[in-house]
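> Submitted below is the structure of interest, expressed as structure tokens.
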Amino acid sequence: MSETTGCTADWHLAHSRPGLFLEYFDPRRPFALRINTLVGRFGDVQRLCDGGEARPEFVRLRNELAFHLVKMSRWWGFDFCPRGVTGVRNPLFMACVKAHVERSADDEALFDLFTMQRHMHAGDPGHILVLGRDPGADPAICVLYGVDGQRHFRFAIGSPGREPTWNRQDYPDFASAWLAAWAVHALIRDDEAGRREFETAQREHDAARAWHQRHFHRCDAHPVIPLYADAHAHLSGCRSEFGRSEFRAIVNKLAFDIARMAVQRHMTLADAMKEGDGRDIHPCMANTVRRRARAYVATCLDPLVRAEMDALLDGVLYHRPRRCV
């Protein structure tokens, strides 16, 4: 990608605040879109700060974006190394995070829970920091989410005005807790089809979590092809809309990685896939990968970089040029 998107500091102050594109309590929106946008906006703002843009409100935006990168990594359970993902040295990045939490009591409490636990009963599953109420739940049913002293996500369901009862089960990320809560929510409403749908989605999300965890891992030229085949098999087996949505984005990301690899190596898409798989690739398979790569750009990348990434995919060779005899 280019060094910057060309957006000014004033543009970012108006359009890059995390609350404008992050919705923590609705995991149905593509995970990749949110995290890719967050990484891109932080990088752009950081480069402008490095270039001399040091207005207090702009530095605060940079610090807020840094905090939300840490929060998102816990919320979705993906591996996150500040230097590896953003290029910013870990001590400097964490200094940004700490500067932000000093200005926000709620964010400081959450950051402390996932780090030192000075304010929690450390390791106590019964001590729960309430994150908030599910905005999409039936008004007659109160659904709360929290994180306990063991850093696991929890949910509670009750009637408005009454003390909620926390479910004993804990979950490794928010989406898992959300799906479980909605399965119970459907059970309470006597929605058998909804209950089955959310329980199926829970199982499929369990499989997707490993892919989310590796979202920022680098793939060399060879493993990405079998990874694509593996993810595609998972997608074919999904029976819930939530699971299909998750694995569709995962497959499309791998397709984009394959296409980008082909561009970088000046190979046709079919030849790049054959090299990674060892088999001749039917043109229909290469065309499918190309379409999936385009879909990833359109649905899972920050709108600010879509034109650049579409131009990159324009460089995918469709055919190997004939040699002159």
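> Compute the whole-percent fraction of alpha carbon pairs in the stretch 61-139 spaced more than 18 Å apart. All intermediate terms of the calculation are to be shown ahead of the outcome.
On the way: 1495 of 3081 pairs.
The calculated P(r) of the stretch 61-139 puts 49 percent of pairs beyond 18 Å.
> Averaging sequence separations of C-alpha pairs under 8 Å and six or more residues apart, then dividing by the length of the stretch 118-231, give the relative contact order as a whole percent. Don't jump to the answer; show the numbers that get you there.
Values: 145 pairs, mean separation 16.8, N = 114.
Dividing the mean separation by the residue count of the stretch 118-231 yields 15 percent.
> Express the relative contact order of the chain as a whole percentage, based on alpha carbon pairs under 8 Å and six or more residues apart in sequence. Please list the in-between numbers first.
Details: 417 pairs, mean separation 46.9, N = 325.
Over the chain, the number comes to 14 percent.
> List the residues, sorted by chain then number, that are 5 or more residues from ASP302 or on another chain and whose placed amide H is less than 5 Å from its amide H.
Sorted by chain and number, the residues that satisfy this are THR37.
> Report, ordered by chain and residue number, the aspartates and glutamates lying within cross-link reach of LYS98, taken as a straight Cα distance under 12 Å and ignoring same-chain residues fewer than 8 apart.
GLU64, ASP107, GLU108, ASP112
> Quickly estimate the mean residue ellipticity at 222 nm for the chain, helices only: each DSSP H run with n ≥ 4 gives -39500 (n - 2.57), and the total goes over all residues, rounded to 500. If you can, show how the numbers build up before the last one.
Details: 13 runs with 189 residues, N = 325.
Helices in the chain give a 222 nm mean residue ellipticity of -19000 deg cm²/dmol.
> Roughly what angle does helix 105-114 make with the longest principal axis of the chain, taking Cα atoms, 0 to 90 degrees, to the nearest 10?
70 degrees
> From Cα pairs below 8 angstrom and at least 6 apart in sequence, can you work out the relative contact order of the stretch 3-73, rounded to a whole percent?
Details: 37 pairs, mean separation 31.1, N = 71.
Reported relative contact order: 44 percent.
> I'd like to know how the stretch 49-201 sits against the 2.2 N^0.38 Å rule of thumb: what's its Cα Rg over that expected value?
Working: Rg = 18.2 Å, N = 153, 2.2 N^0.38 = 14.9 Å.
Its radius of gyration relative to the 2.2 N^0.38 Å reference: 1.23.
> A further question follows. Principal axis extents for the stretch 190-238, Cα atoms only, whole Å, descending order, please.
Reported extents, whole Å, longest axis first: 49, 20, 9.
> Could you tell me which of ALA156, CYS238, HIS119 has its Cα farthest along the dipole of the chain towards the positive end, charges placed at Cβ (Lys, Arg +1; Asp, Glu -1), taken about the Cα centre?
Going by the Cα projections, it comes out as CYS238.
> Once both axes come from the Cα atoms, what is the angle between helix 192-213 and the longest principal axis of the chain, in degrees from 0 to 90, rounded to 10?
Approximately 60 degrees, to the nearest ten.
> Could you state the orientation-averaged shadow area of the convex hull built on the Cα atoms of the stretch 1-63, in nm² to one decimal? Don't skip to the answer; put the middle values down first.
Working: hull surface 17.8 nm².
Mean projected area for the stretch 1-63: 4.5 nm², to one decimal.
> For a bin width of 5 Å, list the pair-distance distribution of the stretch 41-92 built from all Cα-Cα distances, rounded to whole %.
The calculated distribution, bin by bin, is 5, 20, 29, 25, 13, 6, 2.
> May I ask what percent, to the nearest 5, of DSSP beta bridges between residues of the chain are antiparallel? Kindly include the intermediate steps, with their values, before the conclusion.
Numbers: 14 of 15 bridges.
Once the DSSP bridges in the chain are tallied, antiparallel ones form about 95 percent.
> Next question, about the same structure. Ignoring ligands, DNA and RNA, what accessible area per residue does the stretch 1-68 give at 1.4 Å, in Å²? It would help to have the intermediate numbers written out before the result.
Working: 2990 Å² over 68 residues.
Per-residue value: 44 Å².
> Follow-up. Using a 1.4 Å probe on the protein heavy atoms, what percent of the accessible area of the stretch 131-200 belongs to carbon and sulfur? Don't jump to the answer; show the numbers that get you there.
Numbers: 1590 of 3370 Å².
Here it works out to 47 percent.
> Charges only on Cβ, +1 for Lys and Arg, -1 for Asp and Glu: so what's the dipole of the chain about the Cα centre, in debye to the nearest 20? Before the final figure, lay out the partial values.
On the way: 44 positive and 42 negative charges, 186 e Å.
Computed charge dipole of the chain: roughly 900 debye.
> Once a ≥ b ≥ c are taken as the square roots of the eigenvalues of the Cα gyration tensor of the stretch 1-105, is the result rounded (a/c under 1.5), prolate (a/b larger than b/c) or oblate (a/b not larger than b/c)? Don't skip to the end; give the middle numbers.
Numbers: a/c = 1.38, a/b = 1.27, b/c = 1.09.
Note, shape of the stretch 1-105 comes out rounded.
> Note the direction-averaged projected area, equal to a quarter of the hull surface, for the Cα convex hull of the chain, in nm².
19.7 nm²
> Rounded to the nearest 10 Å², what accessible area does MET285 show when all protein chains are kept and the probe is 1.4 Å?
90 Å²
> Once you've got the GNM for the chain with C-alpha springs shorter than 10 Å, pick whichever of HIS266, HIS100, HIS212 has the biggest mean-square fluctuation.
Comparing HIS266, HIS100, HIS212 in the GNM, the peak value goes to HIS266.
> Might you tell me the accessible area per residue for the stretch 71-216, computed with a 1.4 Å probe and given in Å²? Show your work: numbers first, answer last.
Values: 7380 Å² over 146 residues.
Ligands and nucleic acids excluded, the result is 51 Å² per residue.
> By how many degrees, between 0 and 90 and to the nearest 10, does the Cα long axis of helix 283-300 differ from the longest principal axis of the chain?
With rounding to tens, the tilt is 40 degrees.
The values are calculated or read from the model by the stated rules, or taken from the named source; none is laboratory data. None of these values were measured; they are calculated from a predicted model. For neighbour counting, all protein chains shown are included, and Cβ atoms are generated from backbone atoms with ideal geometry for every residue, glycine included. Please note that ligands, DNA and RNA were not included when accessible areas were found on the heavy atoms of the full protein model with its side chains. Shrake-Rupley method; radii C 1.70, N 1.55, O 1.52, S 1.80 Å.
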